1. Identify the residue in the stretch 108-119 that is of a type outside the set (S, T, N, Q) and in contact (Cβ under 8 Å) with a residue 24 or more places away in the chain and, among all such residues, is surrounded by the fewest Cβ atoms within 10 Å (Cβ to Cβ).
2. From the list T189, T160, which one is open to solvent by 20 Å² or more (accessible area, probe 1.4 Å) and at pLDDT 95 or above?
3. Restricting the stretch 128-152 to residues that are aliphatic (A, V, I, L, M) and free of Cβ contacts under 8 Å to residues at least 24 places away in the same chain, which is most open to solvent (accessible area, probe 1.4 Å)?
4. Within the stretch 125-144, work out how many residues are farther than 20 Å from R155 by Cβ and assigned to a strand (DSSP E or B).
5. Of all residues in the stretch 175-206, how many are of a type outside the set (S, T, Y) and more than 17 Å from the chain's Cα centre (by Cα)?
6. Run down A135, A100, A106 and say which single residue is at pLDDT 95 or above, among the hydrophobic types (A, V, I, L, M, F, W, C) and touching a Cys at 6+ places or on another chain (Cβ under 6 Å).
7. Going residue by residue through the stretch 320-340, is there one that turns out to be modelled with pLDDT of 95 or more, open to solvent by less than 40 Å² (accessible area, probe 1.4 Å), not in a strand (DSSP E or B) and not acidic (D, E)?
8. Return the only residue of I150, I188 being touching a Pro at 6+ places or on another chain (Cβ under 9 Å) and part of a strand (DSSP E or B).
Amino acid sequence: MIVTLPERRTIDLSVTAPPSKSYTHRALIAAALARGTSTLVHPLMADDTRLTATALEKLGVPIRAEGENVVVEGCDGALSCPAGTELDLDNSGTSLRLLATLALLADHPVTLTGSARMQERPVGPLADTLETIGARVEFSQKAGYPPVTIGGNLRGGSTTIDGSASSQFASSVLMAAPYAEHPVDLTITGTPASQSYLDITAGVMTDFGAVIRREGYRRFAVSNRNRYTGRTFVIEGDYSSASYFFALAAICGGRVTVAGLAPDSVQGDRFFLTALQQMGCEVTYAHDGVTVEHEGPLDGITIDMSSAPDTVQTLCMVAAVAKTPSIITGIGHLKFKESDRIAITADRLNQLGGKVTAESDRIVIQPATLHGGRIDPANDHRTAMSFAVLGLGIGGISVSCADCVNKSFPGFWETLSQVME
């Protein structure tokens with residue numbers, strides 16, 4: 001599927017944010033482990049979250065759709081699967097990492113694997129920690145990378161984990177911790193990547209009944225006496241997906257309102273709006289949404305985006321049309337995503353006439369006159385959506401493999417068509 005973007009100016013658009021992918025993954029897992037039945041209201045049903053749901057079903061958890069909701073019959077921490085069970089998580093790093101610790105709650109060892117790209121994404125730090133709390137871990141191809149088979153029992157106790165590559169390693173341990181034989185006391189070493197996602201994890205756990213004592217982002221102590229209880233859980237709107245439409249107002253000029261967003265959300269990608277304000281956009285919060293307005297040239301910025309990783313590429317598109325240079329830092333862990341997002345963003349922008357330099361933990365974008373061209377997103381949903389937004393700003397950009405957006409936002413092209421037509 002190839003989509004060609006026409007140039008658009010001074011847009012006026014109102015849309016509703018899709019449900020949060022991060023909340024949906026975590027709510028599915030908490031509901032699966034809970035005692036009793038849970039109803040997830042308006043969860044995201046995209047490729048990634050379906051992979052998590054399908055994997056949980058293979059681990060013995062009944063899950064069914066009821067209209068726009070999903071009903072999960074919890075197993076009270078007792079997962080059941082046949083010997084030799086393999087979970088193919090394709091390219092969903094979130095699914096594989098969050099489910100890895102759950103394997104210790106199953107009655108047989110579980111193998112977790114995925115696409116060729118998934119097998120290049122490290123899980124070694126998580127495996128090292130799991131071995132200290134009761135796991136037997138075996139890598140069948142390359143040490144530290146999927147496929148990985150995990151067996152044993154979730155013994156619990158005090159342990160540490162390196163969070164510098166991904167906060168999902170810590171989230172994986174935390175999500176399963178209420179079902180450990182002993183309380184889990186987890187210390188995170190290094191500077192946690194995307195630490196705001198730990199707030200999402202802790203929030204979902206607490207909402208389902210877990211008790212957590214924490215010291216910022218360094219230490220989390222989880223009780224094993226307070227397990228999850230089935231409940232009705234409403235999935236909030238996704239700031240990561242909303243960022244593409246906010247960027248439209250900045251790049252094309254005009255006004256965009258995105259409804260369905262909690263103004264006090266702990267989602268780190270809400271910080272994207274702060275970046276837009278620094279670049280000259282006007283941002284207005286309402287009780288159930290956010291409006292971004294902009295006219296005239298944009299200012300470049302120097303900004304640390306470590307707390308808002310999924311909006312870095314979107315911000316790069318805005319920076320590419322700014323009148324002064326931008327330096328975006330705190331992004332080193334993006335090389336471990338669905339693609340090496342630092343390298344691919346620089347490469348694709350330079351193909352369009354940009355002046356972009358990629359370094360290990362930052363990207364530098366100089367003002368340049370951009371032109372159209374064909375963009376191969378390398379099967380990365382966020383690359384496809386980011387360059388689609390830029391395409392509407394400069395015109396003549398075609399995005400190949402455009403259906404890769406189904407990973408996180410199946411309705412993206414339909415929603416964007418309101419501007420394209």
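1. Looking at residues that are of a type outside the set (S, T, N, Q) and in contact (Cβ under 8 Å) with a residue 24 or more places away in the chain, I get H108.
2. Result: T160 is the single residue among T189, T160 that is open to solvent by 20 Å² or more (accessible area, probe 1.4 Å) and at pLDDT 95 or above.
3. So the residue we want is A143.
4. Going through the stretch 125-144 one residue at a time, the tally reaches 1.
5. Going through the stretch 175-206 one residue at a time, the tally reaches 13.
6. So the residue among A135, A100, A106 that is at pLDDT 95 or above, among the hydrophobic types (A, V, I, L, M, F, W, C) and touching a Cys at 6+ places or on another chain (Cβ under 6 Å) is A106.
7. yes
8. Criteria check complete, one pass: I150.
The values are calculated or read from the model by the stated rules, or taken from the named source; none is laboratory data. It should be emphasised that the depicted structure is a prediction, and the values quoted were computed from it without experimental measurement. Cβ coordinates were reconstructed from backbone atoms using ideal geometry, including for glycine residues, and neighbour counts include every protein chain displayed. Side chains included, ligands, DNA and RNA excluded: accessible areas come from the protein's heavy atoms. Shrake-Rupley method; radii C 1.70, N 1.55, O 1.52, S 1.80 Å.
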